[in-house]
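Single-structure report; data block below.
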Amino acid sequence: MARLNANPQAEASVDFPVIKPCVTRLRVKAIITQAEDGGPLVSAKGNTYWKIQLEYVDPTSLTKEDGSPVTGPVGSIFDNSIVVAPAEKQGKARGFVEALGAAWADLDSEDLVGLECDARIGIEEYQGNKKNTVARYLKKQ
């Protein structure tokens, strides 16, 4: 069990802004490949997937959904749809890897952390709450 030593001066985080749909540069911050029990991440459909944490390379170039400029932190985007098994469902994984400029070949997830790509950012709504998503990874030209 991990212990938290609470800082009484810590301020509660506010919601991050929803970014207006755009094409922007993202950096792979982390790739989570294991569930809390130590096994692989497996979707309800039985597919093994990676949970990708992405950060905006230049958040000052972004615009909020309401058209106003971004002035504070924007948070990360998580993509939970990178299927790595079964092999016949790796289409999005290949697009992701190639957009990062990496060769489509056997690799370790750690090889991709820190790499950058361009992506089309969209907005998704679930139960009245909006969040940004990666609509598409754009292959380097």
Exercise for the section: Select from segment 1-56 the residues that are among the β-branched types (Val, Ile, Thr) and surrounded by 11 or more Cβ atoms within 10 Å (Cβ to Cβ) and list them in ascending order. Expected result: VAL18, ILE19, VAL23, THR24, VAL28, ILE31, ILE32, THR33, VAL42, THR48, ILE52
Practice task
Among the numbered conditions (1) touching an Asp or Glu at 6+ places or on another chain (Cβ under 8 Å); (2) at pLDDT below 95; (3) farther than 19 Å from ASN132 by Cβ, tell me where ALA2 comes up short.
Solution key: (1)
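Looking at segment 60-74, can you tell me whether even one residue there is under 17 Å from the mean Cα position of the chain (by Cα) and either without any contact (Cβ under 8 Å) to a residue 24 or more places away in the chain or part of a strand (DSSP E or B) (or both)?
The initial filter retains those residues of segment 60-74 that are under 17 Å from the mean Cα position of the chain (by Cα), namely 62, 73-74.
From what is left, the residues that are either without any contact (Cβ under 8 Å) to a residue 24 or more places away in the chain or part of a strand (DSSP E or B) (or both) are none.
No: zero hits.
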Fill in the blank from the handout: Going through (1) buried (at least 16 other Cβ atoms within 10 Å of the Cβ); (2) without any contact (Cβ under 8 Å) to a residue 40 or more places away in the chain; (3) closer than 26 Å to VAL18 by Cβ one by one, VAL97 fails only at (3)
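The values are calculated or read from the model by the stated rules, or taken from the named source; none is laboratory data. Keep in mind it's a predicted model, so treat the numbers as computed, not measured. Cβ sites come from the backbone with ideal geometry, for glycine too, and all protein chains shown count toward neighbours.
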